[in-house]
Amino acid sequence: MTPARRPRRAFDWSAAVVATLAIASAVFVFVRDGQARFLSILTDDVSLFGSMLPKVLAGCLIGAFVTLLLPRETIAKWVGAESGIWGILVATVAGAILPGGPFTIYPVAGAFLAAGADAGAACAFVISWTLIGYTRAIVWELPFFGLEFVTWRILFSVPLPILAGLAARFAWRLMKPKIIA
Amino acid sequence: MNLAIDIALWAIVVALGTTLFLRDQPSFSDSLTFARREFFALLPRIAIGMIGSGFIAESLPGHLIPSLLGPGTGAAGLALASLAGALTPGGPVVGFAIATAALKSGAGAPQVIAYTIAWALFAIPRVLVFEIPAMPARVVWLRVLVSLPLPFLAAWAAILTGKP
């Protein structure tokens, strides 16, 4: 009972847009700043890419395991379309505590959607990770801004995934009849 | 810290994997196949996104942004800050680096909060490269749509409380 999902292409128009942008920028930097600067950026980015790989793999594995461990009915009950505000809260907390980067969070959200979570919960989950996820704040944000700024920024952000999740669920219900028709 | 996150993530992987293996071995091997396929499908995009973002950031006029985020710029300033955030490429540090530079050169805290949150929510390359392939596109656009007011809400909270 592998979760059924549309087959995914490794390269499509959205990747092509970013690839074009990246290549154009790389050429621009090379011409403007010379080879040394070009190589230093390239080395930094490649090492960053290398350090992300274990997180990507972990995200894919967590997504695959969770969807098989949790029966569809359980996921639907906790974070499905009928889960009410409680489902949005569960998704918000899950997004805030799941460690890892966007490469972890998006595959997990995709897996939950395929397994019966509703769009509102998925939105709350992704937005919660984005705005109040602690790993991102500690590793990347804190060194730049310091404790006070980050604490306030996060406090102001706490209600946002809940509001957006409820709005998304409401909008999804409005959209749905059109999709079926 | 990066190592601690990897350890936490892999502890979750091992715990979930062991539970599934003990419960249902065929499902376990199915899920490994599935995860492997997923991983290799995401790999080229992540390579493009991560390796490209440094060059994209380097060629952007990042030094212009601080002057756009002054403390007295009002709602228009917040909208501009949000737009600038959306146009800043993803990657873990680009937006934070620009925002800190802005803060140091006298930008308003609410504007910087709007910028940071918009960048976190909408960085367009990140949405295109990572989010669209991993989730149904309709849900992603819905996610973007309901997120539009969020930079403003956070900035207004900052204005009302006078913090940080």
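Where a number appears in this text, it was derived from the coordinates with a stated rule and is not lab data. Quick caveat: nothing in here was measured; it's all calculated off a predicted structure. Cβ: placed from backbone, ideal geometry, glycine included. Neighbour counts: every protein chain shown.
Points to keep in mind about this one:
- Furthest towards positive pole of dipole, A:128, A:146, A:68, structure part region A:53-180, Cβ charges: A:68
- For the protein assembly as shown, adding -39500 (n - 2.57) for each run of n ≥ 4 DSSP H residues and dividing by the number of residues yields -25500 deg cm²/dmol at 222 nm.
- For the options B:41, B:15, B:114, a Gaussian network treatment of chain B with springs between C-alpha atoms closer than 10 Å singles out B:15 as fluctuating the most.
- Residues B:55, B:21, sorted so that the one with the fewest Cβ neighbours within 10 Å comes first: B:21, B:55
- Calculated on C-alpha atoms, the gyration radius of chain B divided by its Kirkwood radius gives an Rg/Rh of 1.09.
- Cα Rg, Dmax (largest Cα-Cα span) when computed across region A:60-181, Å: 15.1, 51
- What separates the Cα centres of region A:70-117 and region B:68-123 is a distance of 29 Å.
- Rel. contact order, % - alpha carbon contacts under 8 angstrom, at least six apart, chain A: 21
- Order of A:45, B:24 - criterion: other Cβ atoms within 10 Å of each residue's Cβ, fewest first: B:24, A:45
- The protein assembly as shown: C-alpha pair distances exceeding 39 Å, %: 12
- Counted by Cβ distance under 13 Å from residue A:102, the other residues give a net charge of +4, where Lys and Arg count +1 and Asp and Glu count -1.
- With neighbours defined as other Cβ atoms within 10 Å of a residue's Cβ, the residues A:169, A:37 order from fewest to most as A:37, A:169.
- Legend: mean number of C-beta atoms from other chains within 10 angstrom of residue C-beta atoms, peptide A:169-175, equals 2.
- Largest GNM mean-square fluctuation across B:53, B:82, B:27, computed for chain B with C-alpha springs under 10 Å, falls on B:27.
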